[in-house]
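For reference, the structure is listed below as structure tokens.
The values are calculated or read from the model by the stated rules, or taken from the named source; none is laboratory data. Since the structure is predicted, the reported quantities are computational estimates derived from the model, not experimental observations. Cβ atoms come from the backbone with ideal geometry, glycine included; neighbour counts cover every protein chain shown. Areas reflect the complete protein model, heavy atoms only, side chains present, ligands, DNA and RNA absent. Shrake-Rupley method; radii C 1.70, N 1.55, O 1.52, S 1.80 Å.
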Amino acid sequence: MATAVPAERDAVARAFASAVHEVPLPGRTPPLHRVRGHDLLAAGVGPALAAACTATALTAAALGGTPYDLVVSAGIAGGFQPDAPVGSLVVADEITVADLGADTADGFVPVTELGFGAVSHRPPETLVRELAAATGARTGTVLTVSTVTGTAARAAELRLRHPRALAEAMEGFAVAEAAAAHGVPVVELRAVSNPVGPRDRAAWRIGDALAALTEAFGKLAPVLESWNPHDRTR
């Protein structure tokens, strides 16, 4: 599981109620926290660091002869109201980067329309359904942004371009890009800590969101452990 910060990583680790073993990674990449057969990585905030650290972990595992079957991008996020209220869980059925492209007089143009790269990854459909059923999470698009939304106008613009968006965070697409480079499927799970829109720290419920994340992973463990990585339609 790749999270942005240690607090999110530790929230996931608590769900497994087991001893944590640190595993070093090359260079300055943070160490893995291995707990009950799962590796947890606090990869860092933002797309660049998340992609670099996730890729390092994936490469180290592959070179060590123990490649991963699945990557989970997890953490807290802003939720688009009223569809993803504070305290709710979201499982992405589409992981989309919202601001990779060009700003033009006619509006935003995604990088794919410029002839480069990708802007979305789709997690295994059956696995998404099973994770949502186990946790009661909503399913929809989770956006990855480099700059957190801080105004109502920006929130409205994002929903106009991505009407199925339920949440925004800063790492999911980057983690998915690293996983795709290794041919490893990816899912994204987010606990909503604040509304997307005007920046109001008083409205944030980070503690509640981290608690929801811990509870969710307590329910997810059996699903993840029973998932068949060779059935990529799942």
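Things worth noting here:
- Note on segment 194-224: among residues that are touching a Ser or Thr at 6+ places or on another chain (Cβ under 7 Å) and not charged (D, E, K, R), the one that is farthest from residue 84 (Cα to Cα) is 220.
- When every residue of segment 206-216 is checked against the conditions, at least one turns out to be open to solvent by 30 Å² or more (accessible area, probe 1.4 Å), of a type in the set (Val, Ile, Thr), assigned to a helix (DSSP H, G or I) and closer than 21 Å to residue 46 by Cβ.
Let's see how each residue does on (1) out of contact with any Phe, Trp or Tyr (no Cβ under 8 Å at 6 or more places or on another chain); (2) closer than 20 Å to residue 184 by Cα; (3) not charged (D, E, K, R); (4) not in a strand (DSSP E or B):
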site	(1), (2), (3), (4)
41	yes, yes, yes, no
50	yes, yes, yes, yes
60	yes, yes, yes, yes
67	yes, yes, yes, yes
73	yes, yes, yes, no
78	yes, no, yes, no
82	yes, no, yes, yes
92	yes, yes, yes, no
96	no, yes, yes, no
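- Test: residue 197 is touching a residue at least 12 places away in the same chain (Cβ under 8 Å), more than 30 Å from residue 56 (Cβ to Cβ) and part of a loop (DSSP other than H, G, I, E, B): yes
- If the condition is being open to solvent by 60 Å² or more (accessible area, probe 1.4 Å) and more than 19 Å from residue 137 (Cβ to Cβ), then segment 164-202 contributes 177, 181, 182, 198, 199, 200, 201, 202.
- Taken together, the residues in segment 1-59 that are within 15 Å of residue 72 (Cβ to Cβ), among the small types (Gly, Ala, Ser) and surrounded by 15 or more Cβ atoms within 10 Å (Cβ to Cβ) amount to 9.
- The residues listed here are 98, 102; of these, the one that is surrounded by 19 or more Cβ atoms within 10 Å (Cβ to Cβ), in contact with a strand residue (DSSP E or B) (Cβ under 6 Å, 6 or more places away or on another chain) and not acidic (Asp, Glu) is 98.
- Top-ranked residue of segment 111-148 - restricted to ones that are without any contact (Cβ under 8 Å) to a residue 60 or more places away in the chain, open to solvent by less than 30 Å² (accessible area, probe 1.4 Å) and not aliphatic (A, V, I, L, M), ranked as farthest from residue 178 (Cα to Cα): 140
- Search result, residues across segment 67-95 that are open to solvent by less than 60 Å² (accessible area, probe 1.4 Å) and over 28 Å from residue 208 (Cβ atoms): none
- Residue in segment 96-111 that is touching a helix residue (DSSP H, G or I) at 6+ places or on another chain (Cβ under 8 Å), of a type in the set (Ser, Thr, Tyr) and closer than 17 Å to residue 72 by Cβ present: no
- Here residue 223 fulfils each of the conditions (1) surrounded by fewer than 24 Cβ atoms within 10 Å (Cβ to Cβ); (2) in a helix (DSSP H, G or I); (3) modelled with pLDDT of 95 or more apart from (3).
- Any hit, segment 120-132, residues being more than 17 Å from residue 220 (Cβ to Cβ) and among the small types (Gly, Ala, Ser): yes
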